[in-house]
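Data block below; observations after.
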Amino acid sequence: MSGTTQPLHVTGHLAPVADEIDVVGLPVEGALPPELTGRYLRNGPNPLPGEPSPHWFAGHGMVHGVRLREGRAEWYRNRWVRTRALAGEPMLRADGTVDHAVGVANTHVVRHAGRIMALVESSFPHLLTPELDTVGPWDFDGRLTTAMTAHPKTDPVTGELHFFGYGFRRPFLTYHRLSADGDLVVSAEIEVPGPTLMHDFAITDRHALFLDLPMTFQLERLAEGMPFGWDEGYGARIGVMPLDRPGAVRWFEVEPNYVFHVGNAHTDPAGRVVLDAARYGAADAVAMWDGLGTDPAGLAADAAATGSARLHRWVLDPATGTVTETALDDRAVEFPTLDDARVGRDARYRYAVADEGGRAGIVKFDAANGTRTEHDLGSEVVAGEAVFVPSGAPERAEDDGWLMSITTRRDGTASQLLVLDATDVAGTPVAAVLLPRGVPSGFHGSWIADGDLAAR
Ligand SMILES: [Fe+2]
């Protein structure tokens, strides 16, 4: 193995970019729907030039933005989130406690109550302007005392934003709620046996669901870049917390597994709680986690040995205390998304991205008939998270809208903002905005319509 071998997470389509640029007037293939007037923002890790990168998850947050307006692609720009971590400050204070105002802000970018927040699960959110300048860390006027997950959930009816924070010191897990106006109005500690890597959670119209899974905090693994590891002995459980009784969680034991990303959850007419997610079985969880490490020799074994997640469903019955688990599909996928108007409600469609067997695609699952359709990207291009953007039609169908995804050539040389018709995912793209650079495959993002930006 050559001494210059780079970890996979800084090569090819994952390779960081070295600078910030602004380009106006982007070429478009096809026709951008004029209703798509807003910004697509996407976050991901991007180490500084020359900076060692111990782990894919550790790079500094960089937000890539594409401005669409009335059928035109007005600009692309990219900005590092100007965090104190970017300035070289440590997260850990001398006394060993965590300074939540220091974090890499590299995982997601969301809007709530007029604020755009760049998120990473180890720190406070960082506020950004619509032009991607950093305002700074935000602790909700001092009310937030834990980190904030990068996967908060907005209830589409109440407008409240539910989230949690986890840490390796007590309290290990805390539930939080923002009002629709953006005030932190509820914080409640959740009892769990220990600190785990809890990346996502779910809501229904009346519950919050927590995934207490056996990816436990293991300080001795810090040298590998992330102090977590698989520990099947921890067990695995899903917690159901009524939203009107914050902190009161009923736990259901499940088969050991790991989940980065939830699909959705809802309460069915019989009162059962139904959760689906992209689930790694035990062997896949181990392979996936080891594959994310820093050892280039290990990574050279790469994709074939990397564990895969598949859509899975748990049905939790509070009346009987039983759990039913069902595999929903055999296609390996990640980054499940759905119509935000269906969060916490029974939803027919999930979208996700796939990259298996050397071919990548954007996938649509139809729960009503158990079918899967796929936009095949071939062998040279990979898809980023596909965000569903609803059409503005009144009484629209659940899938009446578009999917937006930044695609990147595997060699990292070029990217597009791909716009698919969500009712015809496998069909010819509606439009593709040709971006002025290869955008590294990253994590999560949001479409922020101009109308949403103005609303508070
Ligand atoms: Fe995530």
If you find the alpha carbon centre of the stretch 117-173 and of the stretch 41-90, how far apart are they in angstrom? 18 Å
Over the Cα atoms of the stretch 381-456, what radius of gyration and what Dmax do you get, in Å? 13.7, 42
Short version: what are the Cα gyration tensor semi-axes of the stretch 337-421, square root of 5 times each eigenvalue, largest first, in whole Å? 25, 15, 9
On full extension of the chain, what length is gained from ASP181 through ALA368, given 0.36 nm per residue of separation minus the C-alpha to C-alpha distance? 63.8 nm
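Across the stretch 33-132, how large is the tail of the calculated P(r) beyond 22 Å, expressed as a percent of all Cα pairs? Walk me through the intermediate numbers first.
Numbers: 1717 of 4950 pairs.
Percent of Cα pairs beyond 22 Å in the stretch 33-132: 35.
Give the whole-number value, in cubic angstrom per residue, of the convex hull volume spanned by the C-alpha atoms of the stretch 146-236.
Working: hull volume 9.0 nm³, N = 91.
Taking the convex hull of the Cα positions in the stretch 146-236, it is 99 Å³ per residue.
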Charged-residue dipole, Cβ positions (Lys, Arg, Asp, Glu), the chain about Cα centre, Debye nearest 20: 540 debye
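By per-residue mean of other Cβ atoms within 10 Å, what is the highest-first order of 36-49, 164-177?
Working: 36-49: 22.4, 164-177: 20.1.
So the peptides 36-49, 164-177, ranked by packing, come out 36-49, 164-177.
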Over the stretch 194-337, equivalent-ellipsoid semi-axes from the Cα gyration tensor in Å: 29, 17, 12
Efficiency of FRET between ARG115 and ARG72 - r from beta-carbon atoms, R0 35 angstrom, step 0.05: 0.85
Find the relative contact order for the chain and round it to a whole percent, using C-alpha pairs within less than 8 Å whose residues are 6+ positions apart. 15 percent
What's the FRET efficiency of VAL135 with ARG348 using the Cβ-Cβ distance as r and R₀ = 30 Å, to the nearest 0.05? 0.20
Rg and Dmax of the stretch 81-203, Cα atoms, in Å? 13.9, 44
Based on other C-beta atoms within 10 Å, arrange ILE190, ILE406 from fewest to most. ILE190, ILE406
Here Rg/Rh (Cα, Kirkwood) for the stretch 128-185 equals 1.00
Once you order the gyration tensor axes a ≥ b ≥ c over the Cα atoms, which shape class does the stretch 24-71 get: rounded for a/c under 1.5, otherwise prolate or oblate by comparing a/b with b/c? prolate
Quick one: divide the alpha-carbon radius of gyration of the stretch 202-263 by 2.2 N^0.38 Å and tell me what you get. 1.31
Provide ASP231, ASP95, ASP141, ASP200 in ascending order of the number of other Cβ atoms located within 10 Å of each residue's Cβ, fewest first. ASP95, ASP141, ASP231, ASP200
Among GLU398, GLU29, GLU253, GLU121, rank each residue by its count of other Cβ atoms within 10 Å, from fewest to most, as a rough exposure measure. GLU253, GLU29, GLU398, GLU121
Any idea what log10 I(q)/I(0) is at q = 0.05, 0.13, 0.14 Å⁻¹ for the chain, Debye with uniform C-alpha scatterers and no solvent? -0.16, -1.26, -1.53
Could you work out how far the C-alpha centroid of the stretch 192-237 sits from that of the stretch 319-359, in angstrom? 20 Å
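Quick one: grab the alpha carbon gyration tensor of the stretch 166-205, order the square roots of its eigenvalues as a ≥ b ≥ c, and give me rounded if a/c is under 1.5, else prolate or oblate depending on whether a/b is larger than b/c. All intermediate terms of the calculation are to be shown ahead of the outcome.
On the way: a/c = 2.47, a/b = 1.74, b/c = 1.42.
It comes out prolate by the Cα gyration axes.
Using R₀ = 60 Å, calculate the FRET efficiency as 1/(1 + (r/R₀)^6) where r is the Cβ-Cβ separation of GLN6 and ALA319; round to 0.05. Mind showing how you got there, number by number?
Working: r = 54 Å, r/R0 = 0.90.
After rounding to 0.05, the efficiency reads 0.65.
Shape call for the stretch 307-456 from the C-alpha gyration tensor, a ≥ b ≥ c root eigenvalues: rounded (a/c under 1.5), prolate (a/b greater than b/c) or oblate?
Oblate.
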Would you calculate a helix-derived [θ] at 222 nm for the chain, using -39,500 (n - 2.57) for each DSSP H run of n ≥ 4 and dividing by the full residue count, to the nearest 500? -1500 deg cm²/dmol
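Hey, any idea what the orientation-averaged projected area of the convex hull of the stretch 1-82's Cα atoms comes to, in nm²? Show your work: numbers first, answer last.
Details: hull surface 27.7 nm².
Its Cα hull, projected and averaged over all orientations, spans 6.9 nm².
Values in this text are rule-based calculations from the coordinates and carry no lab data. These numbers were taken from a predicted model, which means no experiment stands behind them. Cβ coordinates were reconstructed from backbone atoms using ideal geometry, including for glycine residues, and neighbour counts include every protein chain displayed.
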